[in-house]
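Asks: If you scroll down you'll find the structure; I have some questions about it.
Computed from the coordinates by the stated procedures, all read-outs in this text should not be read as laboratory data. Model, not experiment: these values are computed from the prediction. Note that we place each Cβ from the backbone using ideal geometry, even for glycine, and neighbour counts take in every protein chain shown.
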Amino acid sequence: RDDGCAQMMCKRCKHIFCWYCLQSLDDDFLLRHYDRGPCKNKLGHSRASVIWHRTQVVGIFAGFGVLLLVASPFL
């Protein structure tokens, strides 16, 4: 394996892990694993794409929170 994304997912059990160090990434939805340590900047994507991914994740959570706030009188 020479290039590509370092974030792997097992096809059978859906476990997400780092290709380089085999650390579990199941709970790392912001991809912070690749910000520090021996795997720093080894994700295989540009910093811009990582920032875009994080913005989308935060936006989803914020949008869900606003939706709950708006819908709370009807629940």
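Asks: Once phi is turned into ³J(HN,Hα) by the Karplus curve 6.51 cos²θ - 1.76 cosθ + 1.60 with θ = phi - 60°, what whole-Hz value does each residue of segment 5-16 show in order, with x for glycine and proline?
Replies: Running phi through 6.51 cos²θ - 1.76 cosθ + 1.60 with θ = phi - 60° gives 6, 8, 8, 10, 10, 5, 5, 7, 10, 6, 5, 9 Hz.
Asks: Shifting gears a bit: With a Förster radius of 30 Å, plug the Cβ-Cβ distance of S46 and L68 into 1/(1 + (r/R0)^6) and report the FRET value to the nearest 0.05.
Replies: According to the calculation, E is roughly 0.35.
Asks: I would also like to ask the following. If each residue of separation counts as 0.36 nm, what is the full-extension length gain between S24 and V58 once their alpha-carbon separation is subtracted?
Replies: Stretched fully, the S24-V58 segment lengthens by 10.1 nm.
Asks: While we're looking at this one, here's another question. State the Kirkwood hydrodynamic radius of the chain in Å, one decimal place, computed from all pairs of distinct Cα atoms.
Replies: 14.2
Asks: Still on this structure: Using Cβ counts within 10 Å as a stand-in for footprinting exposure, how do V66, V57 rank, fewest first?
Replies: Least to most surrounded, the residues fall as V66, V57.
Asks: Relative contact order, percent, of the chain when contacts are C-alpha pairs under 8 Å separated by at least 6 residues?
Replies: Relative contact order, the chain: 22 percent.
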